[in-house]
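Have a look at the structure below, then the notes.
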Amino acid sequence: MSGFLDRAKEQAQRGLAEGKKKVDEVQAHRAGSELLKKLGSAYYAERSGSGSPEATREALGAVEAHINAHGDAFLSG
């Protein structure tokens with residue numbers, strides 16, 4: 001009986017770890033999407049005359065930092 005409980009505990013812990021990993025991926029994807037939206041807004045503002053190149057560079061830097069930390073999977077969808 002002890003072996004069964006140990007295996008069940010291991011499976012539960014693995015499931016929790018996988019679930020946390022998936023939640024972290026979803027949160028990183030959402031954060032990346034938000035950064036892209038800010039980059040687009042900064043670029044549009046710059047092109048329409050109400051923004052600055054510095055704001056666009058800062059937004060691009062934030063996207064690049066996010067890619068370095070979390071990968072670029074958020075770019076595809």
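The values are calculated or read from the model by the stated rules, or taken from the named source; none is laboratory data. As the structure is a computational prediction, the values presented were derived from the model and not from experiment. Positions of Cβ are backbone-derived with ideal geometry, glycine not excepted, and every protein chain shown enters the neighbour counts. Note: accessible area is taken over every heavy atom of the protein model, side chains too, but ligands, DNA and RNA are not part of it. Shrake-Rupley method; radii C 1.70, N 1.55, O 1.52, S 1.80 Å.
Worth a mention:
- When restricted to residues that are surrounded by 15 or more Cβ atoms within 10 Å (Cβ to Cβ), more than 12 Å from the chain's Cα centre (by Cα) and either outside any helix (DSSP H, G or I) or not hydrophobic (A, V, I, L, M, F, W, C) (or both), segment 52-67 contains 1.
- Taking segment 35-51 as the range and being open to solvent by less than 80 Å² (accessible area, probe 1.4 Å) and closer than 18 Å to D72 by Cβ as the test, the residues that pass are L35, L36, L39, G40.
- Residue in segment 12-25 that is among the hydrophobic types (A, V, I, L, M, F, W, C) and surrounded by 11 or more Cβ atoms within 10 Å (Cβ to Cβ) present: no
- Condition met for H70 (out of contact with any strand residue (DSSP E or B) (no Cβ under 7 Å at 6 or more places or on another chain) and open to solvent by less than 50 Å² (accessible area, probe 1.4 Å)): no
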